[in-house]
Amino acid sequence: MAGPVLAGWLDVCQHRCMSNMELLPLLEPTDQAVEPCCPPLTERPFTAGEAETAARMFKALGDPVRLRLFSAVASHEGGEACVCDISDVGVSQPTVSHHLKKLKEAGLLTSERRGTWVYYRVEPSVLAAMGKLLSTAPAAV
């Protein structure tokens with residue numbers, strides 16, 4: 001008799017735990033212009049603040065493991081990657097976590113915990129801003 005009672009209790013407990021998960025709303029893409037952190041390198045000299053922001057980004061990407069992790073997230077199907085899918089970069093899991101933390105601190109990645117896994121995303125605005133930074137300034141008319 002304990003078997004069916006226990007099974008029923010487990011079903012209730014499992015349902016209660018799983019029902020706390022929320023569905024996240026989908027964001028509609030916007031056509032707003034992306035504001036880069038800094039002007040294109042060829043436009044004018046950076047201010048001290050712009051140089052600090054750009055240096056933090058380049059410093060974070062200056063490590064080969066971080067660059068591989070950033071590339072893995074940016075190129076992953078769906079625009080986001082579970083840490084479980086990108087951790088094979090030749091270093092231990094704690095080191096992967098350290099590098100992902102540095103990329104987040106530099107503003108290059110965002111993350112979201114889903115159950116036991118963390119999913120990372122490169123926001124399209126980050127890639128667009130990086131592209132604008134490294135582009136040439138438009139010619140004066």
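The values are calculated or read from the model by the stated rules, or taken from the named source; none is laboratory data. Predicted model, so just to flag it, every value in this text is computed and none were measured. Note that we place each Cβ from the backbone using ideal geometry, even for glycine, and neighbour counts take in every protein chain shown.
With S87, S92 as the choices, which residue is small (G, A, S), over 30 Å from T42 (Cβ atoms) and touching a helix residue (DSSP H, G or I) at 6+ places or on another chain (Cβ under 7 Å)? Write out each step before concluding.
Working: S92 fails: touching a helix residue (DSSP H, G or I) at 6+ places or on another chain (Cβ under 7 Å).
Answer to the selection: S87.
Can you confirm whether the range 19-34 contains a residue that is under 23 Å from P124 (Cβ atoms), out of contact with any Pro (no Cβ under 9 Å at 6 or more places or on another chain) and modelled with pLDDT of 90 or more? There is no residue in the range 19-34 that is under 23 Å from P124 (Cβ atoms), out of contact with any Pro (no Cβ under 9 Å at 6 or more places or on another chain) and modelled with pLDDT of 90 or more.
One line per residue, one yes/no per condition, for (1) of a type in the set (A, V, I, L, M); (2) under 11 Å from the mean Cα position of the chain (by Cα):
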{"residue": "A60", "(1), (2)": "yes, no"}
{"residue": "S75", "(1), (2)": "no, no"}
{"residue": "C82", "(1), (2)": "no, yes"}
{"residue": "S87", "(1), (2)": "no, no"}
{"residue": "T116", "(1), (2)": "no, no"}
{"residue": "P124", "(1), (2)": "no, yes"}
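Of everything in the range 103-123, what is in contact with a strand residue (DSSP E or B) (Cβ under 7 Å, 6 or more places away or on another chain) and closer than 15 Å to G79 by Cβ? Give them in sequence order. Within the range 103-123, L109, T110, S111, E112, Y119, Y120, R121, E123 meet the criteria.
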